[in-house]
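First comes the structure, then the notes that go with it.
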Amino acid sequence: MRLFLLFSLLTVTRFLGAQSEKMTSLGVGLNRNGFGAVVKIYKPDHAPSNRTMGDFRFELGNITHSRELPLLNTTLQSSSIYKFGKINYVWAFRPAWETRWQLAPRPDKKAVGIQASAGVGLPMAWAWPVYIRLFTPDPGGNEVFSIVRYNPDVHPQSQIAGRAPFHRGFSQGQLIPGLSLHTAVEFMWGNYRTDVNIVTIGARIEAWSKKLPILYTQNQNKSVLPTFYIGYAFGLGG
């Protein structure tokens, strides 16, 4: 995706409870940097003010690089797709604390509610090495493969038959902490007071303590990741 497509995020969410009560949302989403699962806990908004503080948001998802290049070695019969130059997988756990403002209430099923939120988070990324299946010439003409840690300097493309299992090398990973800020606007409607459809438009920026080592070419990796997102959600309240 290019920079002008940074807003792509799809979130599918289930809501439990009315807007004035405590509720929890569960969802999955896509954005330019990957995909993830989201849990959000809304604090009851009984206060006379239109501002509610203390919502919590948790997300677990992967982080990819826009320059990852999928390749398939067609010279090997049992080859599979791998990402050229991608030397590490990166997944992130994103806990965040939010403040929410009620911009337009939703008193009945015919109304459209609007609320805004802003939050700060302390994301943590886990980066672990990519392993590949490497072809080894066999005098008998058989395709023999070994599992090795991917190094583009020493592993020619002609001998790479695809990536090894995703979990291989997970214990060799490194923890990378970060800091994030995000804001969003939500539009809500539904057939009943507690049945919710929601469209979310928002933005997030993450700053990591070091460049996320996704690609072998280090100057292509980034430590600051800004993104815009748009999401749709559906939920049933109790």
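General observations
- Answer from 128, 101 - the residue that is surrounded by fewer than 18 Cβ atoms within 10 Å (Cβ to Cβ), at pLDDT 90 or above and either in contact with a Leu (Cβ under 9 Å, 6 or more places away or on another chain) or in a strand (DSSP E or B) (or both): 101
- Residue tally, condition of a type outside the set (Ser, Thr, Tyr), surrounded by fewer than 18 Cβ atoms within 10 Å (Cβ to Cβ) and over 26 Å from residue 126 (Cβ atoms), over segment 187-227: 8
- Unmet criterion (only one of (1) surrounded by 18 or more Cβ atoms within 10 Å (Cβ to Cβ); (2) within 19 Å of residue 71 (Cα to Cα); (3) not basic (Lys, Arg)) for residue 157: (1)
- Applying the set (1) free of Cβ contacts under 8 Å to residues at least 40 places away in the same chain; (2) over 24 Å from residue 83 (Cβ atoms) to residue 180 leaves exactly one unmet item: (1).
Condition check ((1) at pLDDT 95 or above; (2) touching a Ser or Thr at 6+ places or on another chain (Cβ under 7 Å); (3) within 16 Å of residue 166 (Cα to Cα)) across all residues:
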{"site": "43", "(1), (2), (3)": "no, yes, no"}
{"site": "47", "(1), (2), (3)": "no, no, no"}
{"site": "59", "(1), (2), (3)": "no, no, no"}
{"site": "90", "(1), (2), (3)": "yes, no, yes"}
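- Count - residues of segment 44-85 that are free of Cβ contacts under 8 Å to residues at least 24 places away in the same chain and surrounded by 14 or more Cβ atoms within 10 Å (Cβ to Cβ): 0
- Residue in segment 42-50 that is of a type outside the set (Phe, Trp, Tyr) and assigned to a strand (DSSP E or B) present: no
- Selection over segment 160-180 of residues that are aliphatic (A, V, I, L, M) and either surrounded by fewer than 19 Cβ atoms within 10 Å (Cβ to Cβ) or in a loop (DSSP other than H, G, I, E, B) (or both) gives a count of 3.
- Neighbours by Cβ (under 6 Å, 6+ apart or cross-chain): first from segment 209-238, outside any strand (DSSP E or B); second hydroxyl-bearing (Ser, Thr, Tyr) and at pLDDT below 95: 237/194
The values are calculated or read from the model by the stated rules, or taken from the named source; none is laboratory data. Just so it is clear, the structure is predicted and the values come from calculations on it, not from any experiment. Neighbour counts are summed over all protein chains in view; Cβ atoms, including those assigned to glycine, are modelled from backbone coordinates with ideal geometry.
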